[in-house]
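The values are calculated or read from the model by the stated rules, or taken from the named source; none is laboratory data. Quick caveat: nothing in here was measured; it's all calculated off a predicted structure. FYI the Cβ positions are ideal-geometry reconstructions off the backbone, even for glycines, and counts take in every protein chain you see.
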Amino acid sequence: MKLNNISLRQFRNYQALELDFEPGVNLIVGENAQGKTNLLEAIAFLGSGKSFRTTKNGELVRFGAEFADLEGQVFSQERQQSLRWVVFSKSRPRQIWRNGARVKTAGDIAGCLNTVLFCPEDLMVLKTGSAPRRRLGDLALCQLRPNYEAALNEYNRILEQKSRILKDRFECPALLEVLPEYNARLCQVGALIISYRARFYKGLGEEAQKYHYSFSGKREEFSLEYKTVSNISDPFAPLAALQDQLREHLESHARAELETAQCLTGPHKDDFDVSLSGISLKSFGSQGQVRTAAISLKLAQRELMHRECGEMPVLLLDDVLSELDASRQDFVLNQITQGQVFITCCEPGRFTRLGKTIEIENGNVLN
Ligand code: ATP
Ligand code: MG
């Protein structure tokens, strides 16, 4: 999977940009706030319709402009393809084209351009709160399984409506009559989400274990445990069983939900826990262990996508190499000799040996 070129109009700080890329390593160099991360964001968005920085597409549009237009030629699925997105600053729905034809959803372009982002915040992802971990999993799984993405969008939509009911019911008690309907639907879609996640995290953990074993000099056994709603003992169980257990858990929390006006139970609280040779990283990991394990996890994500799609996803390394010490840098660089890679970096000349350098200044390409 390769991105041959990109064309951006009014995207973030880019007024107009046309850029060709190398099939191997592309090094994006520039001072702070010049548009390096914006360019990686554009690449990730082109393939998925999702930004790793915001859920509000309007923010992607250059200040003062009405819409942003992103286009790129990719080689994937054994052919040349083109992708195009137009997103609007106001509430107008985004538009998508694949090979010149309008398509409806991001699912219609699934598998054309998969990306894996690795940024400095990811280095601490196994130590922080659960939201960034859920986000990491969701961004990967949505690219792999369009039906998962549809289910997740549906779940979040119902959850938002339920939250509103719980908050507004003090003023309008009649709203409570529709609550059972929302709960039933949440359990139905929630069961599907859990089922997808169980399989995904199993595969991710297995891949990460291999990387980490060699990374730690065969000393540490990486294991990843998917954590979902507490009364679900087997997330691989049939959907009907998961749905029943979700309902039971919801019922036992119904009063607390009404009292706190919050949605307290469901896969929106899911998490995963990583341990090294049986010791939880979150509670006991040293900084170095946490970083090393995060690298294993990211490399695993890339390998899992490779295995599932038969093509190596595009790797986006945002400022992360310069954050690593020499031995970790070497480990990462040795593992990514295959596939297309984009590396951003502030120091000119630092990684020039790796590939083609693209210099960015204030939303423009120099040279
Ligand atoms: P660093 O090295 O600090 O990470 P960077 O080159 O990665 O810097 P980016 O995050 O890509 O920087 O770009 C940040 C710049 O883009 C900021 O100056 C910000 O104001 C600008 N910017 C962000 N969104 C928009 C937008 N919608 N319209 C115009 N400019 C924007
Ligand atoms: Mg940046």
(Q) So Ala140 ticks every box in (1) aliphatic (A, V, I, L, M); (2) touching a helix residue (DSSP H, G or I) at 6+ places or on another chain (Cβ under 6 Å); (3) farther than 30 Å from Gly288 by Cβ but one. Which box is left unticked? (A) (3)
Q | Among (1) more than 16 Å from ligand 2 (Cβ to nearest atom); (2) touching a residue at least 12 places away in the same chain (Cβ under 8 Å), the one test that Leu317 misses | A | (1)
Q: Filter segment 296-326 down to residues that are touching a strand residue (DSSP E or B) at 6+ places or on another chain (Cβ under 8 Å) and among the hydrophobic types (A, V, I, L, M, F, W, C) and give me whichever is surrounded by the fewest Cβ atoms within 10 Å (Cβ to Cβ).
A: Leu321
(Q) Just to confirm my filter: which strands (runs of 3 or more DSSP E) fall fully inside segment 1-93 and include at least 3 residues that are in contact with a Gly (Cβ under 8 Å, 6 or more places away or on another chain) and assigned by TED's automatic domain parsing to the domain that holds Ala106? (A) 2-11, 14-20, 25-29, 79-88
Q) Going by the structure shown, is Glu121 surrounded by fewer than 18 Cβ atoms within 10 Å (Cβ to Cβ) and more than 29 Å from Glu259 (Cβ to Cβ)? A) yes
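Residue-wise test of (1) within 16 Å of ligand 1 (Cβ to nearest atom); (2) more than 18 Å from Gly217 (Cα to Cα).
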residue	(1), (2)
Ser283	no, yes
Gly288	no, no
Ala293	no, no
Leu297	no, no
Ala300	no, no
Met312	no, yes
Leu315	no, yes
Asp318	yes, yes
Leu321	yes, yes
**Q.** Single match in Ile165, Ile193 (criterion: of a type in the set (Val, Ile, Thr) and within 19 Å of the chain's Cα centre (by Cα))
**A.** Ile193
Q.
Between a residue in segment 156-183 that is assigned to a helix (DSSP H, G or I) and any residue that is among the charged types (D, E, K, R), which pairs come within a Cβ distance under 7 Å, given they are 6 or more apart or on different chains?
A. Ile158/Arg185; Leu166/Glu257; Leu175/Asp168; Leu175/Arg169; Leu176/Arg169; Tyr182/Lys162
Q.
Being surrounded by fewer than 16 Cβ atoms within 10 Å (Cβ to Cβ) and part of a helix (DSSP H, G or I) is the filter here; which residues of segment 124-155 pass it?
A. Met124, Ser130, Ala131, Pro132, Arg135, Asn147, Asn153
(Q) Among the residues of segment 37-51, are any farther than 16 Å from Val314 by Cβ and β-branched (Val, Ile, Thr)? (A) no
Q. Can you tell me which residues in segment 97-123 are in contact with a Gly (Cβ under 6 Å, 6 or more places away or on another chain) and part of a helix (DSSP H, G or I)?
A. Ala106
Q. If Ser7 satisfies every condition in (1) hydroxyl-bearing (Ser, Thr, Tyr); (2) crowded, with 20+ Cβ neighbours inside 10 Å; (3) more than 9 Å from ligand 1 (Cβ to nearest atom) but one, which is the exception?
A. (2)
Q: Give segment 18-40 a look and list any residue that's within 16 Å of ligand 2 (Cβ to nearest atom) and either of a type in the set (Asp, Glu) or within 17 Å of Asp69 (Cα to Cα) (or both), or say none.
A: Glu31, Gly35, Asn38, Leu39, Leu40
Q. Hey, does segment 245-252 have a residue that's closer than 20 Å to Ala184 by Cβ and outside any helix (DSSP H, G or I)?
A. no
Q) Do we have Gln338 as away from ligand 1 (no atom under 16 Å from the Cβ), without any contact (Cβ under 8 Å) to a residue 40 or more places away in the chain and in contact with a helix residue (DSSP H, G or I) (Cβ under 8 Å, 6 or more places away or on another chain) here? A) no
Q. Which of the residues that make up segment 27-66 are more than 11 Å from ligand 1 (Cβ to nearest atom) and more than 21 Å from the chain's Cα centre (by Cα)?
A. Leu27, Glu66
Q.
Take the conditions near ligand 1 (Cβ under 8 Å from one of its atoms), farther than 28 Å from Thr337 by Cβ and out of contact with any Lys or Arg (no Cβ under 8 Å at 6 or more places or on another chain) and apply them to Glu18. Does it pass?
A. no
Q: Return a yes/no flag: does segment 67-88 have any residue that is surrounded by fewer than 20 Cβ atoms within 10 Å (Cβ to Cβ), at pLDDT 95 or above and within 16 Å of ligand 2 (Cβ to nearest atom).
A: no
Q. Pairs under 7 Å by beta carbon, first residue without any contact (Cβ under 8 Å) to a residue 60 or more places away in the chain in segment 278-290, partner surrounded by fewer than 19 Cβ atoms within 10 Å (Cβ to Cβ) and of a type outside the set (A, V, I, L, M, F, W, C), six or more apart or different chains?
A. Ser280/Asp273
